[in-house]
Every structure is written in structure tokens, then in C-alpha cells.
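Student: Got a structure for you, questions after.
The numbers here are math on the coordinates, done by the rules we state, and not lab data. Keep in mind that what you see is a predicted model, and the values were worked out from it rather than measured. Cβ: placed from backbone, ideal geometry, glycine included. Neighbour counts: every protein chain shown.
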Amino acid sequence: MPLPRRSFLTSALRTGLAASMLPNLLIAQMKRASRPPRILLRGSWQSVNIGDIGHTPGALNLIERHLPEAELTLWPTELGHGAQEFLQKAFPRLKIARGTVESGRPATAELAKAWEDNDLMLHGSSAGFGARAHLAAWHRATGKPYGVFGTTFDPINSSGRNMEGSTLDVRRAQIKALPPTHLDPETRWIVDKADFVFARETTTRDYLKAQGVRTAILEYGPDTQLAMNLTDHPRGDAYRAANGLEEGKFICVIPRLRYTPYYSVNNTSRRPGDDAKDAINNRTTEGDHAKLREMIVAYVRNTGNKVMACGEMTYQVQMAKEVLVDPLPAEVKKNVVWRDSYWMPDEAASIYSRAECVVSVECHSPLISIHNGTPAFYVRQPTDTCKGQMYRDMGAEDWLFEIDETRGPQLWARLESIHRDPAKAKAKAKTIMAFVQARQKRMVDALREAVTRV
């Protein structure tokens, strides 16, 4: 790790650094000391999911709020479907550096310049610590520090397997039972060398602690989607007005397959295991969403309010019509609005903020909702990772449901309690966010400490 600015000369002399090298190194240190810190955010994993889009503005907002002097560069994986325009409109000073890594080095000139110019690399929130190899390459090539903001590392591989019965408690117990040598050496090295690692739920944090990693800071740090403060009320309010969605008198419902068919979403070739995943989807989709339809029917019949069926991912737009809307009784269906297009997180945030509740089988729409003061349910499927633990960790355990252990009437009963006392539910969302914001400030404090040591 590069030496702190204030101790660079003393340490260099003590270690016998060649005098001929001192001028250039001192000049580099002085230049860094005279300008704002520069941070390279590795994120924007995909744009077919508003959750993956929303991680990035959440992280950027946190840094701008608590470390406003920092200069920010985004190293994205993918910025399609309008995601780049969305980000650049909200963060006009944001730089973007694209490229891949080959043989441990940047493969494009713009990424190479970003590696040279920036002082620290920050791995953004994600479902699987997917860019950890890029952290290792960065550190080995530059000697500069790195850290992690709110990620999940689930060591139980569910790919292509039937995970029936894999509740969060079961998954947590399975992970806890793993031997202390389970973590692979390269990932261990990456975590050990990090200045800080914030896991977005305590299952990941506790797993890494049990593996004996040596990073200085290993703590719970909420998903940065919870800091995404962007809304598009003009667009959202216009959509509501056109569809008769009166504030506080509708709910949003989001479906999900147990396995995302990425070959279809991204129009790519099928991979080994896709047949097994499709078979699980085919067997479980009707049963999963029949429970949501029961809740919708009860809500409409008991309140006379409306429902918006929408998607968090691109493939869920059509799916919402097929599994949530079309099978409903005619007298209920007339109160249901199908959102027939994909959107950006700011428009979703606007509409969720006006809803009475958001009920989602996807993980991130509830986070967007809670940030905006709206109660929200996460209905977790057993094929999902341990990331659902975040709802318990932030105090939303009453709004977390395991789909295989939940029936439609249970969802309606919890929703009815919100309908009867919306002020109490909104106060709960506010309390959750106060806790989240304190933890996220701690994340930026650790970032500040690390980058100022460069």
C-alpha cells in the first residue's frame, strides 16, 4: 500500500530508497497532496435490472454527501437501456472509463489512465463480489488501496440445483458449518489486502470472520441501493395520473422467476445448467405467483384500491402480465394496471414513493421503496442467495417472507395491517432508514480514511 503523504520522506530515507528515485516519487506525492482524492468506482454490473443500475447512483450519492471533495470515475460493466444517460444527467461531473483487464493490466487506454489517475478502487454493491479479480489486478499493478461497499459473498453454490427448503436460516446454518479453510486462497488474499470490506448482510460478514480473514475493517454495510436518492416525479406523476393510481391508494407487485433466464434476457447462447434451471422455473412459477394473486384479490376486494403489476428486470415486464394480471378474476382485473415498459430507477422510485406498499419477489424494489418512506415486502425464493438477510439486519424482518413458507392470506394479513395504520408503517420505514444512513456514513468514513492515506 502506498505510504501516507506525511511520512513518505521519512520512511523512504529509513528504508534506504535510492536518492535518485526520491525526486520523482516526491513530486508524485506532492501532486496528490495538492488535489482532491480520486476514487474509481467499479460497478454498474448490468442494466437489465433497476437494482443493478441503482447501486451506482447510491454509492455516488453517499460519496458526494460525505466526501464532497472527491473526484469520481465509474468503471462500468454495462450501461445500456438509458442507464448511462440517467447517470450522467444526475452526476454531470462523473467520468466514465470503460475497458477490460488482460494479463493483469487494463486493455484500453481510458481504463489505463483511470488506473493511473485514481487513488483508490471501490468495489460497489453486488450479489457475488464479482469484480474481486479486478481489485487484485489493480493492487498488484499499482500498489494502490481498494475497498468494498456492501456486497454479498454467498459460498453455497445453488446454480442449477433444486434449493427447496433453502430458507435464510437453512442457508446461514450451511454457511456457518463450512470449515475455516473453505475460502479459496486468492479470494482470501484479496479480502486480506483490502483497506475495508463492508458486507451488505451479516451472513457474509460472519462467514468471512469465521474464515479468519485479516482485513482491518470487516463490518456490516447496507446495500448502496438504499442511498439512491433520485426520483423523477414529473414522469412518475404523469404515469399515475394517466392510469388512475391515486397516491396512497395502490400497491405495486413485482414477479420473479426462481432463475433469471439470462440467455433470453441478453440474447446469448444457452449454457450448461440452463435446462435444469428452466425446469425448476416451469415447475414453480405458477405456485409462487398464485400466492401473490391471492393477496391482490383480497386487497382489491377489501379496499377497492388499485394494483400496479410491474417489473424490476426487463424480462419481468411481460411476465407481470402473464402471471399476475391475466389469471385474475374479471372484477379484480379492472383495478389492476399493467406497466408494459421498462423504466429507470428514478421513475420507479417516484411511483413506489406514492404507493401504499410494494410487494416484490425481487430484492431491490423494496429497498427503493423503503428509502422513499414506503413500506415494502420482500418475498424471497429459496434459489436466491443469502442477501435477503439484509432485511433482518436493517430491522425489516416483519416485511420479509420465505415464499415456500408463505401463503396468500398471510401476505394479505400483513398488508391489511399496513392499510389499517399506514402512519405506523411509514414510521417504521423511517426508523429503518435512520439506522441504514448511520451505517452508510460509517462506510464513507472508512473510505475517507483509506484514500487520505495515499
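Student: So what is the relative contact order for the chain, in percent, with contacts set as C-alpha pairs under 8 Å and at least six apart?
Tutor: Normalised by residue count, the contact order of the chain is 18 percent.
Student: Can you sort His289, His134 by how many other beta carbons sit within 10 Å, fewest first?
Tutor: If I rank by nearby Cβ atoms, fewest first, I get His134, His289.
Student: Using amide H atoms built 1.01 Å from N in the peptide plane, name the residues 5+ places from Ala376, or on other chains, whose amide H lies under 5 Å from its own.
Tutor: Val358
Student: Also, quick follow-up: Hey, what did segment 233-435 get for relative contact order, percent, Cα under 8 Å, at least 6 apart?
Tutor: It rounds to 24 percent for segment 233-435.
Student: Let me ask you something else. When the dipole is taken about the Cα centre of the chain, and only Lys, Arg (+1) and Asp, Glu (-1) are charged at their Cβ, what size is it in debye, to the nearest 20?
Tutor: 1260 debye
Student: Apply 1/(1 + (r/R0)^6) to the Cβ-Cβ distance of Gln318 and Glu69, taking R0 = 41 Å, and write down the FRET efficiency to the nearest 0.05.
Tutor: E between Gln318 and Glu69, to the nearest 0.05, is 0.35.
Student: What number comes out for the charge environment of Tyr220, summing +1 per Lys or Arg and -1 per Asp or Glu over other residues with Cβ under 10 Å away?
Tutor: Result for the local shell: 0.
Student: Please list the non-local residues whose amide H lies under 5 Å from the amide H of Val148, H modeled 1.01 Å from N, same-chain partners needing a gap of 5 or more.
Tutor: Under 5 Å from the amide H of Val148 lie the amide H atoms of His123, Phe196, Val197, Phe198, each far enough along the sequence or on another chain.
Student: How charged is the neighbourhood of Gln316? Take every other residue with its Cβ under 9 Å from the Cβ of Gln316, and add Lys/Arg as +1 and Asp/Glu as -1.
Tutor: Summing Lys and Arg as +1 and Asp and Glu as -1 gives -1.
Student: I'd like the antiparallel share, as a percent to the nearest 5, of DSSP beta bridges with both residues in the chain.
Tutor: Percent antiparallel among DSSP bridges in the chain is about 5.
Student: Separate question: Among the GluC sites (Glu not before Pro) in segment 152-232, which ones are in a DSSP loop with at most 13 other Cβ atoms within 10 Å of the Cβ? Mind listing them?
Tutor: Glu164
Student: Neighbour counts of other C-beta atoms within 10 Å: give me His233, His81 arranged from fewest to most.
Tutor: With the fewest neighbours first, His233, His81 line up as His233, His81.
Student: Still on this model: Only four residue types carry charge here, +1 at the Cβ of Lys and Arg and -1 at the Cβ of Asp and Glu. Report the dipole size of segment 233-435 about the Cα centre in Debye, rounded to the nearest 20.
Tutor: Magnitude of the dipole: close to 280 debye.
Student: Given labels modelled 7 Å from the Cα in the Cβ direction, how far is it in nm from Ala177 to Val265?
Tutor: Result for the modelled spin labels: 3.0 nm.
Student: Within 10 Å of each residue's Cβ, count the other Cβ atoms and sort Thr224, Thr231 from fewest upward.
Tutor: Final ranking by Cβ density, sparse to dense: Thr231, Thr224.
Student: So, with +1 on the Cβ of K and R and -1 on the Cβ of D and E, and no other charges, what is the size of the charge dipole of segment 34-181 about its Cα centre, to the nearest 20 debye?
Tutor: Rounded to the nearest 20 debye, it is 260 debye.
Student: Name the lysines eligible as straight-distance cross-link partners of Lys334: C-alpha to C-alpha under 24 Å, and not fewer than 8 places from it in the same chain.
Tutor: The qualifying lysines are Lys249, Lys291, Lys306, Lys321.
Student: Which whole-Hz ³J(HN,Hα) couplings does segment 378-388 yield from phi under the Karplus relation 6.51 cos²θ - 1.76 cosθ + 1.60, θ = phi - 60°, glycine and proline marked x?
Tutor: 10, 9, 7, 9, x, 7, 7, 6, 6, 4, x
Student: Sticking with this one: Listed here are the pairs Lys176/Lys428; Lys209/Lys387; Lys387/Lys430; Lys209/Lys428; Lys277/Lys333; Lys95/Lys144; which of them are more than 23 Å apart at the Cα?
Tutor: With Cα atoms farther than 23 Å apart: Lys176/Lys428; Lys209/Lys428; Lys277/Lys333.
Student: Something else: Which one, His364, Val336, Ala320, is farthest towards the positive end of the dipole of segment 233-435 when Lys and Arg carry +1 and Asp and Glu -1 on their Cβ?
Tutor: So the residue we want is Val336.
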